[in-house]
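Below: the structure, in structure tokens.
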Amino acid sequence: FYTRVNPFIGVLDPLLHTPSSTFSRCPFLFTVVCAIALRYSDKPEAYPIAMHFAKSAAANALVDGWKSAELCQAYILMSIYGVPARRWEEDRAWLYTGLAIRIATDLNLHMWSAKRPRSDAEAREMINRTRIWMICFNLDKSTATQFGKPSTVREDRIIRDGPEWYNRLPQNDPFDVHLVAYSTLMRLLTRFNTEIFSDPSAPTGLNRAVDLREIALRYDAELTRVFDEWSARFRRDSDPNNPAAVFRCKLLPFYVSYSRLVVLSFAFQQAFQRGLQPSDDVFFHKSMDAAKGVVTVLVESLAPSGYLRFAPDGHFVFGAFASAFLLKLLRPECKLFIRPGLEQEIYDTIERLVATFGAPSIAIDERHTPKLYSDFLGRLLAKHRRDAAQAARARPPGGAQPPVQSAGAHRGTAQLSPGALSGTSPGALSGTSPGALGGTSPLSHSGSSPIPFNGDAALPTLQFGADVLASDPSFAFTFQSALVGPETVGLVGDDDPATLKALSNPDWWSNMMMPGCVSAHARSRALRPRR
């Protein structure tokens, strides 16, 4: 666990949480740690049994025993490394995150203190409490936006003091600097979300009077600034002789690229709605660079490190979502920006990710999340190529193509229903979910938990997707059915994870939003089985 899994989470201190002390202080946490580690051991058949005991302990801890910091850490781990759910209704990641936050608040972990520790043990306990609260903050911001729910943790002094806290005492963990970097990213994305959803009279809060183009470009520049600042801090303060710390540094460009993609896709969608114009090429190319950046970091940096095999599922979800977005850039409405050779370049990029996710060095077995996404993306790419070839053969003699109108030009044809848009939210920033820098990342293993920069996988997910488009008619758009992206029905099975089913929803290909997670209500509506 400490060698391969904790580098993604950074939630436990090896000197404070030894096997014996953890077992005596919180058997629930001990069970969860063992269960997660068994998933990657030479006895994977024991994993389902151990996770069954962990789930039972999670339920019993609500009614029996003491509330403790270790109890918070156990629920944090359950929210990030739980068993992927086949339906959103079965997912418990959001509930586990909420339990961790409630217990942490009840223990006053959110209270800033100027107390100076009098011993090494006391210093580690104080740092442990602060670290837990920071991870709760990251998880709350990423998962709340991912599910389209209000967050419960405010930005307080502990969070604001993070850039000075991570190296304040000798007892600080080598992973704390990466945790604070992720918190900084979450704070920026939260401000973006607040600025976009600033109309109290709108059903979703979406402010249609703001200049999305200006806001998206401004925050894109801010994300670049954050990347530069923390890259410099990593060079100065991260331990270059610690392989796990080196790996955590590599997650920064991964999360920042995905965050840029989500921010830019929001403005891209507005331009797509009114009809793409030559001046919109900035969003096309910036979004493409961000999506390719996500895939490139996965293939060229994270996979060769030897750690990606142990990542929370959110990392693989981000890669799949970025690949899906690249395919959406090939839709006819974007032909104005497509240069010769770009289509093949996108195909080659996705093929590299397919091969990486399906490699034995990454995928544990046929049901491991990277293997499932590798198979799905491979089938999706093959079908997209077949459809493109058929469309090319159907063109009129001489190579002429029929005129293609952007979404904004079809206003009188077929308007999307709320149900058709459910599930298109780019809430992928959660860090989600799963996170190596300390939060969860915007998304997560089951696709519902974020990717933590440290907590897990999930960068912060933003609430501007299906729910916004479906509940705000003025933001809805129309399209011609012939121009909708690749049909993906039938590419997944009933036993596949909920995130994979969400990505396969053909309605999600009708816009330029990120195919991320949406609110539980929208998810259940979009994924309700057909009778």
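Temperature 4 °C, viscosity 1.567 mPa s: under these conditions the Stokes-Einstein estimate for the range 162-205, based on its Kirkwood radius over C-alpha pairs, is 104 µm² per second. Residue by residue, the range 176-187 carries 3J(HN,Hα) couplings of 5, 5, 6, 4, 5, 4, 5, 4, 4, 5, 5, 5 Hz when phi is fed to the Karplus relation 6.51 cos²θ - 1.76 cosθ + 1.60 (θ = phi - 60°); x denotes Gly or Pro.
Annotation: aspartates and glutamates with alpha-carbon distance below 13 angstrom to Lys371 (same-chain offsets under eight excluded): Asp313, Asp496. Sequence-ordered 3J(HN,Hα) estimates for the range 4-16 from the Karplus curve with 6.51, -1.76 and 1.60 and θ = phi - 60° stand at 10, 8, 4, x, 7, 10, x, 8, 10, 9, x, 7, 8 Hz, glycine and proline given as x. Approximating the spin labels as points 7 Å out from Cα along Cα→Cβ, the Ser41-to-Glu214 distance works out to 5.8 nm.
Using the heavy atoms of the protein chains and a 1.4 angstrom probe, tell me the accessible area per residue for the range 1-125 in square angstrom.
51
Among 55-66, 19-30, 178-189, 95-106, the peptide with the highest mean count of other Cβ atoms within 10 Å heads the list, and the full ranking is 178-189, 95-106, 19-30, 55-66.
The lysines within cross-link reach of Lys286, meaning a Cα-to-Cα straight distance under 20 Å and a gap of 8 or more places when in the same chain, are Lys328, Lys335.
Computed log10 I(q)/I(0) for the range 307-352 at 0.13, 0.15, 0.20, 0.22 Å⁻¹: -0.38, -0.47, -0.70, -0.78, from the Debye equation with unit scatterers placed on every C-alpha and solvent omitted.
Determine the shape class of the range 109-255: with a ≥ b ≥ c the square roots of the Cα gyration tensor eigenvalues, call it rounded for a/c under 1.5, and otherwise prolate if a/b is greater than b/c, oblate otherwise. The shape class here is oblate.
If you take the alpha carbon atoms of the range 1-120 and fit the smallest convex hull around them, that volume is 130 Å³ per residue. Note on Asp161 and Ser119: their simple-model spin labels are 2.3 nm apart, each label 7 Å out from Cα toward Cβ. Surface composition of the range 285-327: carbon plus sulfur atoms contribute 50% of the solvent-accessible area (1.4 Å probe, protein chains only, all chains present). Can you give me the % of accessible surface on the range 76-234 that is carbon or sulfur? Probe 1.4 Å, all protein chains present, nothing else counted. Here carbon and sulfur together make up 51 percent of the probe-accessible area. Expressed in units of 2.2 N^0.38 Å, where N is the residue count, the Cα radius of gyration of the range 166-238 is 1.46.
Below 12 Å, Cα to Cα, which aspartates and glutamates can Lys67 reach? Residues fewer than 8 away in the same chain don't count. In chain and number order, the partners are Asp106. The accessible surface of the range 3-75, taken with every protein chain in place and a 1.4 Å probe, is 66 percent carbon and sulfur.
Full-extension gain between Glu345 and Arg274, please, as 0.36 nm times their residue separation minus the C-alpha to C-alpha distance.
On the way: separation 71, 0.36 × 71 = 25.56 nm, distance 2.79 nm.
Stretched out fully, the Glu345 to Arg274 stretch lengthens by 22.8 nm.
For the range 65-114, the direction-averaged projected area of the alpha-carbon convex hull comes to 4.2 nm². Computed FRET efficiency, Cβ-Cβ of Asn60 and Ser301, R0 51 Å: what is it to the nearest 0.05? FRET efficiency, Asn60 to Ser301: 0.80.
Stokes-Einstein diffusion of the range 196-315 at 20 °C, 1.002 mPa s viscosity, Kirkwood radius from Cα pairs, rounded to a whole number: 132 µm²/s. With r as the distance between the Cβ atoms of Gln390 and Leu169 and R0 = 56 Å, compute the FRET efficiency 1/(1 + (r/R0)^6) and round to 0.05. About 0.30, to the nearest 0.05. With the highest mean first, a sort of the peptides 279-290, 199-210, 111-122 on other beta-carbon atoms found within 10 angstrom per residue produces 279-290, 199-210, 111-122.
The values are calculated or read from the model by the stated rules, or taken from the named source; none is laboratory data. Note that the coordinates shown come from a computational prediction; the quantities given were computed from them, not determined experimentally. So basically every Cβ, Gly included, is an ideal-geometry build from the backbone, and we count neighbours across all protein chains shown. Ligands, DNA and RNA are excluded from the accessible area calculation, which covers all protein heavy atoms including side chains. Shrake-Rupley method; radii C 1.70, N 1.55, O 1.52, S 1.80 Å.
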